[in-house]
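J.: The structure that follows is given in the form of structure tokens.
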Amino acid sequence: MKRKVLCLLLAVAMLIGLIPIAAVAEGGTITLRMSWWGGETVNQRYYAAFEAYEASHPGIVIEGEPQDMDGYLERMMSGFVSGTAWDIITVDAPTYPQILAQGDFFVDLNDYPELFDSTTFNQDFLKNFCEYDGKLQGFPISAGACMLVVNATAAGKYGVDLSEEFTWDMIYDAGVKLNAEYPEAYIMTLNADELNMMVRQSLKCYVDQLFDQETYEINFTVEQLTTTLEFVKKCYDDGVFEPLDEAASQTMDGNIINTKLWMESRDIMQLCWSGGMEYLRYFIEDDDVNVQIMQFPIVAGYEENGSCEIRPDKCMSINKNSEHIEEAIEFCNWFINSTEAVDYLQGDSLGGAFVTTATIEYAAENGISSDLWSQAYEEALGRQLPRTNDISNNTELIDVILRSAGERVFYGQQPADVAAAVYQELLNKLAELKMDR
Amino acid sequence: MREGRKRSVITVIRKVSIRRGSEDRQWLGLVFILPWLLGILFLQAYPLISSLLYSFCDYSILASPKFVGFKNFSNMFTLDSLFQTSLKVTLKYVAITLPSRLIVSLLLAMLMNRPLKGIGFFRAVYYIPSLLGGSVAISIIWRFVFGGNGTINNILNSMGLASVQWLSSPTITIWIIGLLNIWQFGASMLIFLAALKNVPKDYYEAADIEGATGIRKFFSITLPQISSVILFNIVMEMIRSFQDFSAPFIITSGGPMNSTYVYSMKIYKDAFANFKMGYACAESWVLFLIIGLFTLIIFGTSRFWVFYSDQQ
């Protein structure tokens, strides 16, 4: 008998173990789970912000769940599938179309004007990046731009002229001269991500959008891709860019910030989004170095088409299935619109320029905004590329197929062959995506 | 007469109680295997069958699956160049890691089989990489050790040698990731060690009397005697190598130039980054078939080189 009871107990215990553990609220306390990425400094600032909010809003607990950027989207989607998604979710702006193609997961903030003040944002910026099908799916935390970060001190030392905005041809000429005179230095270092960015932005100089949203056709020609890749090859052959294998093997977590050349001021410039600019400045070993922001290089002859991409560094959305939508919106409103939260949002937590009127003013008055971020955003506005359409943000097209083009050229394949092969792969994938649409 | 009836009643009662006891024991047995039964039903059989069904569907997890027949499979072989790339990379990876790991683990097992002082300590030490090897932390450490400005290159530089791009060369990187796999030789080493311990000493003594060399003894006694264990290790390690994911994913994310983009990474990316769960299921079944095919080939050839003790 005892054995039977024991067996039954064990079986019941095992079955209980299989049941997902549900979060239980303690004594009427509302718990909001929030996710983000960014590292320890960001985590500490966010936790401090939660404490401040909880102190002024008894009964609300913000439970932070910091994540790694790698695999973040996958974890978010798994959360939606299993019903365990966070209440407040940080979102990388370009991934909105990909997420929304799978379902309607986020609260439309337009439905809550009494709780969330969206009038404080630049309306074009807000709608461009966070409004889909007339629904406000989230809001930007900051505005970032992709620019050229230049070590002006090193440029002076190596005789690189910074008086004019750079075209890619000018970078080539200056780079050849620099490396011939100082073989230990290069004008630019790119890892695989940045090489992809260079190829992509160069193609964007020719066409507004890489792919047509309606027809799923490629807007640039195979000749334009060949020209771009020939330029890449020329830059590597003639010592303009640091060899990709050397640069790539020194990177950490996809960032180029810790390359030896940059740290030792032997690399003059890097392509960088706002979020990485302060890191670039920080990692230079010489503290007195002067770091400047310049326009993203353009293809000569296409100056009027723009070259700078602007987008939110991060966005924030609210889970439509959250049990506490209103409380989550109230917190978000405080987080982005109150001057109290500016103290926690500044620095690494922001990763770009402030975006709401109150925070912009407060930051300017108190001198707490990064000069690099503000400068990047203002300069980029002058040569802004149109917002990338959804299909041109498709990760399979951009981060897999197009990304391989520059790498293949560096590792010895002929630009024309690579361009033809990559173009065909893009056509195949677009045909597949069109069928699945 | 009455005595006879009484006896038959007792017999019936005994039979019934025996049957009841046996039924009770059956019930008890079922309870004991219930955890395993539930596990195999819900955690293995259900996913297995559902993944087969989804492989014929256009399915993104969040929307209902739509039956598309063999489209996923045909797209894989006709449109998806990355599928072919990842398959080639994986075959290369298996070809590098499987023999290397078996050889290393066999050689070390032979070393561990010697009557050395403190051999227990050495066995434990050599098993440690297997406890750590598959972890994310070790993969990250690998990245630091073999990075452009990592430990190995610093040592090379201090000796006046040039740095080697261990993790950014399309030809070298897969070997470095394979090295991490090979480094986790502990489990197969232990299995080999157990097998070596079971080889009768008389054979070696007889060979010594006949004047056989060490190499001759290895090929004529040791290898045939442990051949069944070699077969086991080959199959298990092959399956493991085909499914390896964490090291290539963490160390290089498939680069440079997709030279370490192993098949399991392709499945993961399609499922969770591109939300093509049906397609990923189809890829998983193709991997299953490939592993099955190789296993069949290995088993098919085993009758020529595996010897069992009960064989004539």
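Values quoted throughout were computed directly from the atomic coordinates according to the rules given, and no laboratory measurement underlies them. What you see is a predicted model; the values in this text were computed from it and never measured. When we count neighbours, we look across all protein chains shown, and the Cβ atoms used for this are built from the backbone with ideal geometry, even at glycine.
J.: If you average the C-alpha positions of the stretch B:192-258 and of the stretch B:89-136 separately, how far apart do those two centres end up, in angstrom?
T.: 10
J.: Now for a separate question. Counting other C-beta atoms within 10 Å, which of A:Thr95, A:Thr41 has the fewest, and how do the rest follow?
T.: A:Thr41, A:Thr95
J.: Which of the helices in chain B, when you take each full DSSP H run, stretch at least 18 Å along the axis at their Cα atoms and have an average Kyte-Doolittle score of 1.6 or higher?
T.: Membrane-span-like by this rule: not one helix.
J.: Could you put B:Tyr203, A:Tyr112 in order, starting from the residue whose Cβ has the fewest other Cβ atoms within 10 Å?
T.: Ranked by crowding around the Cβ, least crowded first: B:Tyr203, A:Tyr112.
J.: Name the residue, out of A:Ser78, A:Ser374, A:Ser35, whose mean-square fluctuation peaks in a Gaussian network model built on chain A with Cα pairs under 10 Å.
T.: A:Ser78
J.: What is the distance in Å between the Cα centres of the stretch A:81-109 and the stretch A:377-421?
T.: That distance is 26 Å.
J.: Straight-line reach only, C-alpha to C-alpha below 30 angstrom: list the lysines that B:Lys71 could link to, leaving out same-chain residues fewer than 8 apart.
T.: Straight-distance partners of B:Lys71: A:Lys429, A:Lys434, B:Lys88, B:Lys92, B:Lys266, B:Lys269, B:Lys276.
J.: At 7 Å along the Cα-to-beta-carbon direction for both B:Leu223 and B:Lys201, put a label point, then send me their distance in nm to one decimal.
T.: For B:Leu223 paired with B:Lys201, the spin-label model returns 2.6 nm.
J.: Can you check what the net charge comes to around B:Lys66, using other residues whose Cβ is under 14 Å from the Cβ of B:Lys66 (Lys, Arg +1; Asp, Glu -1)?
T.: That works out to +1.
J.: Now a separate question. What's the local net charge at A:Leu385, with K and R +1, D and E -1, over the other residues with C-beta under 11 Å away?
T.: Its environment carries a net charge of +3.
J.: Provide a whole-number value for the mean count of partner chain Cβ atoms within 10 Å of the Cβ atoms in peptide A:101-109.
T.: Per residue, the number of nearby Cβ atoms from other chains is 2 on average.
J.: For B:146-154, what's the mean count of beta carbons from other chains sitting within 10 Å of each residue's beta carbon?
T.: 3
J.: Multiply the residue separation of A:Glu217 and A:Asn43 by 0.36 nm, subtract the distance between their alpha-carbon atoms, and state the gained length in nm to one decimal.
T.: Roughly 58.4 nm would be gained on extension.
J.: List the lysines whose alpha-carbon lies under 23 Å from that of B:Lys217, not counting same-chain residues fewer than 8 positions away?
T.: B:Lys197, B:Lys201
J.: Assign one of three labels to chain A, namely rounded, prolate or oblate, based on the Cα gyration tensor with a ≥ b ≥ c the square roots of its eigenvalues; rounded applies when a/c is under 1.5, prolate when it is not and a/b is larger than b/c, and oblate otherwise.
T.: Prolate shape, in that a/c is at least 1.5 and a/b is the bigger ratio.
J.: Next question, about the same structure. Between A:Glu165, A:Glu114, A:Glu323, find the one with the highest GNM mean-square fluctuation for chain A; connect C-alpha pairs within less than 10 Å.
T.: Evaluated over chain A, the most mobile residue of the options is A:Glu114.
J.: Under a Cβ-Cβ cut-off of 15 Å, what is the net charge of the residues other than A:Gly134 that fall near it, where Lys and Arg count +1 and Asp and Glu count -1?
T.: Within the 15 Å Cβ shell, the charges total -3.
J.: Among A:Ala85, A:Ala376, A:Ala421, which one moves the most in a GNM of chain A with springs linking Cα atoms closer than 10 Å?
T.: A:Ala421
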